[in-house]
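Since the structure comes first, as structure tokens, the remarks are kept for the end.
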Ligand SMILES: [Zn+2]
Ligand SMILES: [Zn+2]
């Protein structure tokens, strides 16, 4: 699984949601809680967050099946957000 642990701002973010909002300013919406992000890149990026990697994988399978939007091109990705990592010195 892909892990994102650094944001361009090099600050530590309190939550994965804060990290993703900062890292992806084009984000359309983000919902849920947890450090596993299911990202749909098909239009403006949308994200659902999950505590559990297995739940995120289930959600991804569902998204592939029902499609995220009318513009869906199956560009879905799960990323683990390691937002607590300290900025590099
Ligand atoms: Zn940031
Ligand atoms: Zn899609």
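The values are calculated or read from the model by the stated rules, or taken from the named source; none is laboratory data. Because the structure is a prediction, the values reported are computed rather than measured. Glycine also receives a Cβ, built like all others from the backbone with ideal geometry; neighbour counts cover every protein chain displayed.
When segment 36-89 is filtered for residues that are away from ligand 1 (no atom under 16 Å from the Cβ), at pLDDT below 95, within 29 Å of residue 11 (Cβ to Cβ) and within 16 Å of the chain's Cα centre (by Cα), the ones remaining, listed by number, are 43, 44.
Each residue in segment 46-89 was checked for being free of Cβ contacts under 8 Å to residues at least 60 places away in the same chain, in contact with a strand residue (DSSP E or B) (Cβ under 6 Å, 6 or more places away or on another chain) and part of a loop (DSSP other than H, G, I, E, B), and 1 pass.
Only residues that are surrounded by fewer than 18 Cβ atoms within 10 Å (Cβ to Cβ) and on the phi < 0 side of the Ramachandran plot were counted across segment 74-89, and they come to 11. Given the condition surrounded by fewer than 16 Cβ atoms within 10 Å (Cβ to Cβ) and in contact with a helix residue (DSSP H, G or I) (Cβ under 7 Å, 6 or more places away or on another chain), answer yes or no: does some residue in segment 64-73 qualify? Looking for residues that are surrounded by fewer than 16 Cβ atoms within 10 Å (Cβ to Cβ) and in contact with a helix residue (DSSP H, G or I) (Cβ under 7 Å, 6 or more places away or on another chain), one finds none in segment 64-73, hence no.
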